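The values are calculated or read from the model by the stated rules, or taken from the named source; none is laboratory data. Because the structure is predicted, anything quoted here is derived from the model rather than measured. Positions of Cβ are backbone-derived with ideal geometry, glycine not excepted, and every protein chain shown enters the neighbour counts.
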Amino acid sequence: MRETLRFILGDRPVEIASCDPTLSVLDWLRLDQRMTGSKEGCAEGDCGACTVVVGRLDRGQLRYEAINACIRFLPTLDGCHLLTVEHLKRDDGTLHPVQQAMVDCHGSQCGFCTPGFVMSLFALWLNEDAPSIARIEDALAGNLCRCTGYEPIIAAAQRMYRLNAGEREHFALQRERVAKQLADLCDSETLVLDGPDGRFHAPATIEALADLVLDHPQATLVAGATDVGLWVTKDMRRLDPVIYLGRIEELRTIGDKGNHLRIGATVNHADVRAALAGLSPHIDELMRRFGGEQVRNAGTIGGNIANGSPIGDLPPVLIALGATLVLARSGQTLSPHPEEPQSGVSKEGSERSDVSFETRSAIAPQHEGSAAIVRRELPLEDFFLDYRKQDRRKGEFVEAVLVPRLPAKALFHVSKISKRFDEDISAICGAFFLRRGADGRISEARLAYGGMAGTPKRAKAAEAALLGKTWDEAAVDEAIAALPRDFTPLSDMRASAEYRLRVAGNLLRRFLIETTQPMVQTRVAGLLAEAAHG
């Protein structure tokens with residue numbers, strides 16, 4: 001066990017022996033370090049004024065990402081390199097190329113949002129050469145400006161690559177040095193920090209995590225904190241203890257298993273997007289709209305699932321693909337009879353419970369007192385039992401998701417409807433899978449929706465209406481007519497119940513049009529619209 005938080009701030013090593021588990025990076029920078037360049041605007045990861053850049057080792061390679069400092073907990077920076085707008089300043093007073101380009105292109109007026117834009121552009125500058133305008137807009141989608149306008153900022157993003165090429169060489173050399181420093185900070189010890197408001201645990205192995213989850217059933221498990229951070233900044237919750245999953249390398253890996261992908265629970269949305277985009281361009285478009293780039297760099301696939309939100313965008317997609325969830329726990333919890341889920345709902349009460357099974361891990365214990373890991377697999381759709389209730393037994397946590405590849409000639413479609421195109425929560429998300437037999441009739445259908453019920457859910461009546469039919473207007477009409485038997489949606493601030501039912505049917509009709517009439521344009525924005533327009 002280690003009781004000191006260690007990371008690098010700019011070029012200065014930092015060690016902290018006591019820290020509240022939910023102290024934000026932004027508050028620590030502004031209040032403790034008096035580094036006030038990073039601003040607080042929304043305190044929920046939407047406006048980007050707080051953007052900083054964090055470097056971390058990923059399979060031995062140093063990787064820099066823009067993140068929201070307002071909802072990122074400081075202890076999660078263990079073993080990382082933190083850069084703020086203050087660190088772009090050179091000793092001779094010259095501006096960094098990103099900053100100089102903003103000046104040259106008049107990219108700032110009131111200046112409040114400018115440090116966040118600069119840091120998002122800095123992350124782009126660090127990682128990519130000559131990005132397209134579409135890529136620049138993508139990188140800036142998590143930064144809001146209400147007085148300058150985006151055109152001069154986009155112009156600055158193009159100009160920054162033409163200024164002071166030697167600065168890139170300077171940072172290339174710095175990366176080698178920082179990578180070595182971070183490697184020296186890596187260990188297999190569990191980090192434990194105590195603060196006035198609670199305790200923070202950050203295990204480095206699956207076995208240590210399993211023991212902690214078993215020993216602290218009341219703990220809040222945190223990966224990217226893109227949702228949990230708001231529990232603190234908006235709901236003012238006290239979370240004690242916190243168990244952080246981000247130091248466990250096994251949870252951050254993506255494996256190609258031939259007929260499916262195995263995606264670890266803490267793989268961030270940026271990497272999940274890259275992995276799943278190869279399955280379907282529809283998934284690529286959906287994930288490009290997961291918050292801003294800062295959110296995609298921090299949020300994780302496991303968090304999106306384990307959160308249990310009925311409007312999480314990934315679960316409908318994964319359910320339509322037929323994904324399987326891998327849950328893990330310490331072998332200390334083994335008993336002759338399966339335990340009931342933590343939600344309090346009997347496992348036998350969920351559908352397809354017969355396909356759930358357990359296996360003992362062959363991995364040997366990594367530290368004294370740990371036991372072998374027990375894993376259970378079940379279809380993802382069976383994980384969601386009721387609003388915010390999941391089939392998760394005592395001591396279990398999400399370890400991975402198994403995502404099948406699409407069969408040849410299968411039809412697949414995803415649509416997300418929200419009030420604004422970028423950085424918005426779904427009113428409805430629909431994901432549809434169809435397979436036809438040799439006679440051209442539908443032999444398999446999975447129609448999954450988010451935002452239509454208390455959980456992400458399949459439209460079983462609508463699926464039944466499609467089976468055995470040809471894929472045409474008449475079949476879609478029957479499926480749409482069946483949707484009220486599947487869902488009784490609620491009215492809320494995002495949409496009325498009537499709107500949701502109407503749009504749920506219209507998304508099925510869009511699916512039909514896009515798969516049978518490719519020349520008909522059904523989208524006005526996004527990657528698929530750009531592809532349709534050539």
- [ ] Within the stretch 495-534, track down each residue that is among the aromatic types (Phe, Trp, Tyr) and under 17 Å from residue 473 (Cα atoms).
- [x] 511
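A quick yes/no check of all residues on (1) at pLDDT below 95; (2) over 21 Å from residue 198 (Cβ atoms); (3) touching a Pro at 6+ places or on another chain (Cβ under 6 Å); (4) buried (at least 21 other Cβ atoms within 10 Å of the Cβ):
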{"residue": "5", "(1), (2), (3), (4)": "no, no, yes, yes"}
{"residue": "9", "(1), (2), (3), (4)": "no, yes, no, no"}
{"residue": "12", "(1), (2), (3), (4)": "no, yes, no, no"}
{"residue": "16", "(1), (2), (3), (4)": "no, no, no, no"}
{"residue": "20", "(1), (2), (3), (4)": "no, no, no, yes"}
{"residue": "28", "(1), (2), (3), (4)": "no, no, no, yes"}
{"residue": "37", "(1), (2), (3), (4)": "no, yes, yes, no"}
{"residue": "40", "(1), (2), (3), (4)": "no, yes, no, no"}
Task: Pairs, first outside any strand (DSSP E or B) in the stretch 18-29, second of a type in the set (Lys, Arg), C-beta under 6 Å, six or more apart - done: 25/72
Open item on the list: I'd like the residue in the stretch 493-527 that is hydroxyl-bearing (Ser, Thr, Tyr) and out of contact with any Lys or Arg (no Cβ under 8 Å at 6 or more places or on another chain) and, out of all such residues, is farthest from residue 452 (Cα to Cα).
Closed with: 516
TODO: Would you mind finding the one in 401, 414 that is within 15 Å of residue 304 (Cα to Cα) and assigned to a strand (DSSP E or B)?
DONE: 401
Task: Filtered residue count, the stretch 286-324, keeping only those that are under 24 Å from residue 487 (Cα atoms) and touching a helix residue (DSSP H, G or I) at 6+ places or on another chain (Cβ under 7 Å) - done: 12
TODO: Return a yes/no flag: does the stretch 177-192 have any residue that is within 30 Å of residue 374 (Cβ to Cβ), part of a strand (DSSP E or B) and touching a residue at least 12 places away in the same chain (Cβ under 8 Å).
DONE: yes
Open item on the list: Any residue that is touching a residue at least 12 places away in the same chain (Cβ under 8 Å) and within 23 Å of residue 244 (Cβ to Cβ) - is there at least one of those in the stretch 278-291?
Closed with: yes
- [ ] Name, by its number, the condition in (1) of a type in the set (Gly, Ala, Ser); (2) outside any loop (DSSP other than H, G, I, E, B); (3) closer than 25 Å to residue 383 by Cα that does not hold for residue 481.
- [x] (3)
Task: Single condition residue 126 does not satisfy, out of (1) out of contact with any Gly (no Cβ under 8 Å at 6 or more places or on another chain); (2) buried (at least 18 other Cβ atoms within 10 Å of the Cβ); (3) not in a helix (DSSP H, G or I) - done: (3)
Task: Hits in the stretch 77-123 - residues which are part of a helix (DSSP H, G or I), more than 30 Å from the chain's Cα centre (by Cα) and over 21 Å from residue 149 (Cα atoms) - done: none
TODO: Give just the number: which of (1) part of a helix (DSSP H, G or I); (2) free of Cβ contacts under 8 Å to residues at least 40 places away in the same chain; (3) surrounded by 13 or more Cβ atoms within 10 Å (Cβ to Cβ) does residue 490 not satisfy?
DONE: (1)
